[in-house]
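Undergrad: Before anything else, here's the structure in question.
The values are calculated or read from the model by the stated rules, or taken from the named source; none is laboratory data. All figures in this text were calculated on a predicted structure; none of them were measured in a lab. Positions of Cβ are backbone-derived with ideal geometry, glycine not excepted, and every protein chain shown enters the neighbour counts. The protein model used for the area step is the full one, side chains on, heavy atoms only, and it has no ligands, DNA or RNA in it. Shrake-Rupley method; radii C 1.70, N 1.55, O 1.52, S 1.80 Å.
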Amino acid sequence: MSNKPNIAYVSSLAWLPLAEPWRITATIAAGGLSGGVASSMADGDFLDGLCNGIISSGLNHAMHLVVEGLSPDDPPKGKASSNDVSADENNLGLGIGFANAVGTNGLKELSEIWKNPQKASRAQKEIIQKKAYSIQKAQKANGVSQSVKEIKFARGTQIGKLGRYGGTAVGASVETADMLYNREVNASNVAGIVVTGVAYFVPEVGAVYLIIDMGCLIFTGDSFGEHLNSWTGKPLFKW
Amino acid sequence: MFDFLFQALYFYFERREKGGDSVWTASFYVALLQYIMFCSLAILLDIISDGTWSVHSINLKRNVTIGLFLGIMFLFYYFNLRRYRKKKDTIIAKYKDHPANKWFRGWMYVIIMALLFFSPILWALLHGTLIVNF
């Protein structure tokens, strides 16, 4: 595991599709710029140096692509490399983070808006009011009488619960499936379960975990869970 | 057993959650317990069969396995919610005067869940089949 930013991995994330092309562009541009500056310092033409720099750094990059592509260390197609396993672990952590953060926090906000529409925007208020009236109408048809205010509060509570249950269900099932699949309990599994459990009561914890996880992934190339696993060195239990 | 647990949890959350639909919460907790039981049995089966009957031996991809377990979890919840929304009143009436209501408390649920999950590991540890690396 390296401590420098692993831009190659980060660029493989769906939300950062341009990172790798940008890295290549920046490398070649830096090569060109240093060529131009070096040429100027030697009393030469800046543009000539720039062109030479761009050509040589571009060719250097192309050569690396060819040589690394033919490396005997490359895993055969279809077989997972250790990087793939690490990427799986990272995605797993991010998945749990997203489930907890979006499920609990996102729906908590929506739940609050339903319970207390004064906080909502005008458009949101209109939608909530329309929906509440339609629920009341359907309830009346079934012989149930409930005020619009009560309906809004009940719907808000249900939305909030849905978020909390969803986040917990995703966290619990992802971690247990991972343990059963690997036939071991890792430190990252324990952390995931603890975060899921705490996020049920304090939804903000899920969001904080996601931020830490993403921060670790972007700046170190490995998720927080991966760091925990590296720190313990071995699985906690293996069967 | 689950019906008793449902009504105990229902009353527990009914006291705590004012204005909320406690059937949803109680059903969720029963589903979570059933899911943990299911996972414990899977671990136990894996240990007893020495890996022959393990999730790994099904030869599914890791992400597919996780999706499968997620589906199982939601199925548990769906069927519990459906059942308890229909039969809530009958179950409450049935277990209203059950003697276990006198000593069962909400926090015991957490202990049961933890014991259920760790029991196969404890069992394996006692029988010396588990490799403890920590």
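Undergrad: Quick check on the stretch A:169-206: of everything there that is more than 12 Å from chain B (Cβ to nearest Cβ) and β-branched (V, I, T), which residue is least open to solvent (accessible area, probe 1.4 Å)?
TA: Ranking the qualifying residues of the stretch A:169-206, first place goes to A:V195.
Undergrad: Checking B:L33 against (1) farther than 17 Å from A:T176 by Cα; (2) assigned to a helix (DSSP H, G or I); (3) more than 10 Å from chain A (Cβ to nearest Cβ), which single condition isn't satisfied?
TA: Only one criterion is unmet by B:L33, namely (1).
Undergrad: What number of residues within the stretch B:45-57 are in a helix (DSSP H, G or I) and touching a Leu at 6+ places or on another chain (Cβ under 9 Å)?
TA: Of the residues in that region, 3 qualify.
Undergrad: I need a count of the residues in the stretch B:62-71 that are open to solvent by 40 Å² or more (accessible area, probe 1.4 Å) and either among the β-branched types (V, I, T) or under 18 Å from the mean Cα position of the chain (by Cα) (or both).
TA: Here the count works out to 3.
Undergrad: When the residues of the stretch A:226-239 are narrowed to those that are more than 14 Å from chain B (Cβ to nearest Cβ) and touching a helix residue (DSSP H, G or I) at 6+ places or on another chain (Cβ under 7 Å), which ends up modelled with the highest pLDDT?
TA: We begin by selecting, within the stretch A:226-239, every residue more than 14 Å from chain B (Cβ to nearest Cβ); these are A:226-227, A:230.
Retained after the next criterion (residues that are touching a helix residue (DSSP H, G or I) at 6+ places or on another chain (Cβ under 7 Å)): A:226-227.
Working: A:E226: 82, A:H227: 85.
For the stretch A:226-239, the residue satisfying everything is A:H227.
Undergrad: Would you call A:T168 among the hydroxyl-bearing types (S, T, Y) and free of Cβ contacts under 8 Å to residues at least 12 places away in the same chain?
TA: Values: among the hydroxyl-bearing types (S, T, Y): yes; free of Cβ contacts under 8 Å to residues at least 12 places away in the same chain: no.
Judged against the criteria, A:T168 is not a match.
Undergrad: Let me ask something else. Just the residues that are open to solvent by 40 Å² or more (accessible area, probe 1.4 Å) and either more than 31 Å from the chain's Cα centre (by Cα) or of a type in the set (K, R) (or both), please, taken from the stretch A:145-159. Can you show your working first?
TA: Residues of the stretch A:145-159 that are open to solvent by 40 Å² or more (accessible area, probe 1.4 Å), as a first pass: A:145-147, A:149-150, A:153, A:155, A:158.
Across the stretch A:145-159, the qualifying residues are A:S145, A:Q146, A:S147, A:K149, A:E150, A:F153, A:R155.
Undergrad: Select from the stretch B:26-45 the residues that are free of Cβ contacts under 8 Å to residues at least 24 places away in the same chain and touching a helix residue (DSSP H, G or I) at 6+ places or on another chain (Cβ under 7 Å) and list them in ascending order.
TA: B:A42
Residue by residue, here is whether (1) more than 17 Å from B:V110 (Cα to Cα); (2) touching a residue at least 12 places away in the same chain (Cβ under 8 Å) holds:
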| site | (1), (2) |
| --- | --- |
| A:S147 | yes, no |
| A:Y181 | yes, no |
| A:S188 | yes, yes |
| A:I193 | no, yes |
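Undergrad: Here is a follow-up. Does the stretch A:128-144 contain any residue that is touching a residue at least 24 places away in the same chain (Cβ under 8 Å), surrounded by 14 or more Cβ atoms within 10 Å (Cβ to Cβ) and touching a Pro at 6+ places or on another chain (Cβ under 6 Å)?
TA: Within the stretch A:128-144, the first condition is being touching a residue at least 24 places away in the same chain (Cβ under 8 Å), and the residues that meet it are A:128, A:131.
Now restrict to residues that are surrounded by 14 or more Cβ atoms within 10 Å (Cβ to Cβ): A:128, A:131.
Imposing the further condition that a residue be touching a Pro at 6+ places or on another chain (Cβ under 6 Å) reduces the set to A:128.
Scanning the stretch A:128-144 turns up at least one residue that is touching a residue at least 24 places away in the same chain (Cβ under 8 Å), surrounded by 14 or more Cβ atoms within 10 Å (Cβ to Cβ) and touching a Pro at 6+ places or on another chain (Cβ under 6 Å).
Undergrad: OK, next. Working carefully through the options A:G215, A:G163, find the one that is open to solvent by 10 Å² or more (accessible area, probe 1.4 Å) and assigned to a helix (DSSP H, G or I).
TA: Working: A:G163 fails: open to solvent by 10 Å² or more (accessible area, probe 1.4 Å).
None of the others qualify; the one that does is A:G215.
Undergrad: Among the numbered criteria (1) within 13 Å of the chain's Cα centre (by Cα); (2) within 20 Å of A:K238 (Cα to Cα), which single criterion is violated by B:S49?
TA: (1)
Undergrad: How many residues does the stretch B:38-56 hold that are more than 10 Å from chain A (Cβ to nearest Cβ) and surrounded by fewer than 14 Cβ atoms within 10 Å (Cβ to Cβ)?
TA: Total meeting the criteria: 3.
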